[in-house]
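What follows is calculated from the coordinates using simple rules that are stated; it is not laboratory data. This one's a predicted model, so the numbers in the text were calculated from it and none came from an experiment. Counting neighbours? That spans all protein chains shown, and the Cβs are built from the backbone with ideal geometry, glycine included.
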Amino acid sequence: MPAEIFPTQPASLIKTVALVGNPNSGKTTLFNAFTKLRQKVGNYPGVTVEKKTGTLVLANDRVVNVVDLPGTYSLAVRSPDEQIVRNVLLGRAAGEPRPDMVVCVVDAGNLERNLYLFSQIQDLGLPIIVALNMMDEVESRGQTIDVDQLSRRLGVPVVPTVGNQNKGIEELKQLIAGNVTANYQRQWRMAPDLEEEVEHLVRLLEQHENMDSHQAFAEALILISLGSKLKNDEKSSPLKYFFKEELIGQINAVQDRLRAKGLRSRTAAIEARYDWIKSILKDCVRDKARKGPDLTERIDAVLVHKLWGWLFFLGIMGLMFYTIFTIATYPMEWINAGFNWLGDQVRSFLPAGPLRDLFADGVIPGVGGVVIFLPQILILFLFIGMLQDTGYMARAAFIMDRVMSKVGLHGKSFIPLLSSFACAIPGIMSTRTIESPKDRLVTILVAPWMSCSARLPVYTIMIAVLMPSANNWQKAGLMLLMYVIGIVSACGMAWVFKKTLLRSQKPVFIMELPPYRLPSGKAVVIHMWERSRLFLRRAGTVILAMSVILWALMSYPKSPAAVDSAQAVKHSFAGRMGTVLEPAIQPLGYDWRIGIGLIGSFAAREVFVSTMSIVFNIGKETQEDTLRGAFQSARWPDGRPLFTPLVCLSLMVFYVFALQCVSTIAIVHRETNSWRWPIFQFLYMAAVAYLAAFLVYQAGRLFGFS
């Protein structure tokens, strides 16, 4: 709707714009369109909720700060994310100014649910622009929305947008530049007795807390919906902030009067808001007469079916791993050839000595041994990005809820667990959306058992040694088995935690299934680039540093008596550490060289591969033999093969369960604000990893396998 019919204010007053909306409303797409590359990610002071900020350049080079607030369905404080959204909008967030304007992003196909959050924000008295997003999907379903009428009924500018096509972006920027102000008169009403008590609370808050009328009204609605008396006690107070002592008694007196009158104060505001929203939609939205189920419903009849849904889910996973073992093979060979060529160039240009050995036998094989798996990582994230963009991930969560509900968790835990397939760190951070502290902690404790991309290099090389003559479908099946073992074990351990340490009621899970969409090629490519950039950054920092350290530990002290490179490595500092560890890991089928890999991979799981690259390339003049060939030719002192099928399987199982990642331990500490839980997590996962690897190896030997 044209901005000029709404009140405006001087340009100098608008400095910060907040983007607010429901999850999956397209808010982040608009944020990226606004800020382009002018954005940064951090955390809000004192909490671990992600803070995304950027700058929007308007006409005449005017710059406005943009804050992308976490997705939320309401301003009720049930999770850390919701608390931050409310605190920022009320100006209570430490170090964060109250926004001068809000762009409320709503899913045009789910107006009733999305406008509930809008109505809560409107109560705060902030200037609002509604971005009516995903209008293309509304039109494809035969719906029509009278945007002008909707704008008049809501009392704010409404702009139809299609975020992933940049439609409506310029109109939003023009409205922001016009500095639209708030012109709000509340239209929804509760019962007269409730309205009277709310007005009384508003006057008290204005008098005692120096709140403006809008903030006082929003606060009063929360206070009348409380089920218990208010106390200035952190453990028993239902709020996360406190009022002055002289105000507490008067607030509780209002609560007593409401209970005495038998008024349904806890749900009154919710019902009144939805009645108002329904009356608006009745006038503004027209639905095309439907003659049967739409395409989404027909597809869901198969993809969320109790049987076919699981078969499709497992089929997609199997196809992904098959692709990893086929398409990725060619670029992996190119990368391997490139690093071999680079090593040869270093040997030909640098004179013999420690510097040449460092680069040719330490840095290049160490980093190259991990970078070679980049094509597989890209394929993994290609599949994940496409599944997210099409809307299938929500179906996967729905399917998994049937399993997770059996162990006391719900589908909200599935999204963090799913994110952990890429990396446990963002998966653990995304548990902030889980309202129950105990459910959140259980999810954190089992999230690292989802096989992350760092395990992929370990699985790949072990499968190549274990099944050298197997076809790609067989290799994909074994890799899928490792992922299934992690999922099943995570669910089993979650059940144990929910029955013992973190006992709580089984949560109720309600999930909205979005319509299917064609994936955005640009969004998928950006997702792949961001994830691969993080992978390469680790290769250029953590793995590079570990390669240098491990090369030094495996090269010094020198042993004049060593007759070959194997004896020289065993005499080194790293060899001595591996030798000390060998008696403990021999029952798993491992020797001191594998022990070096286990020690090195505490920095990151994929360092195991780079460590093995260094161990088996030390002293060699060429890199013609692949790491797989080095594994296949490795022997015990008595001539027995080291990397037998049982040892390879034992190693894969060990890495399914072991928490071999310092970064994950650090993030668990930050999320739980305690060292108790990350230490407990590391110890229990190490114990399970050792026991599982021991059982695989010893049981295999018992039944005659090698």
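The table below gives the values:
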item: Most to least packed among 630-638, 89-97, 660-668 [average Cβ atoms within 10 Å]; result: 660-668, 89-97, 630-638
item: Förster radius 41 Å - calculated FRET efficiency between Thr267 and Arg141 (Cβ-Cβ, nearest 0.05); result: 0.85
item: Residues with amide H under 5 Å from that of Lys167, placed H, sequence gap 5 or more; result: Val162
item: Unsatisfied cross-links (Cα-Cα over 23 Å) in the set Lys306/Lys438; Lys167/Lys522; Lys36/Lys167; Lys51/Lys406; Lys52/Lys278; result: Lys306/Lys438; Lys51/Lys406; Lys52/Lys278
item: Karplus-derived 3J(HN,Hα), 6.51/-1.76/1.60, for each residue of the stretch 254-260, Hz, glycine and proline x; result: 4, 4, 4, 5, 5, 5, 5
item: Footprinting exposure proxy for Ser559, Ser79 (fewest neighbouring C-beta atoms within 10 Å first); result: Ser559, Ser79
item: Contour excess over end-to-end distance, with Cα ends at Arg186 and Gln165 and 0.36 nm allotted per residue; result: 4.1 nm
item: Sequence-distant residues sharing a close amide H with Ile128 (under 5 Å, placed H); result: Val102
item: ³J(HN,Hα) computed for each position of the stretch 672-684 - Karplus, 6.51 cos²θ - 1.76 cosθ + 1.60, integer Hz, glycine/proline x; result: 9, 6, 7, 8, 4, 6, x, 5, 4, 4, 4, 5, 5
item: Rounded Å value of the spacing that divides the Cα centres of the stretch 99-145 and the stretch 186-208; result: 26
item: Residue among Ile384, Ala397, Ala352 farthest towards the positive dipole end of the stretch 334-406, charges placed on Cβ; result: Ala397
item: Loop sites in the stretch 302-384: trypsin sites (Lys or Arg not before Pro), DSSP, at most 11 other Cβ within 10 Å; result: Lys306
item: Prolate/oblate/rounded call for the stretch 566-608, Cα gyration tensor, a/c under 1.5 rounded; result: oblate
item: Integer Hz, Karplus 6.51/-1.76/1.60 couplings in order for the stretch 332-337, x for Gly and Pro; result: 5, 5, 5, 5, 4, 5
item: Contour minus Cα-Cα distance for Asp275 and Phe703 (0.36 nm per residue); result: 147.2 nm
item: Whole-number percent relative contact order across the stretch 53-211, with pairs defined as alpha carbons under 8 Å at least 6 apart; result: 16
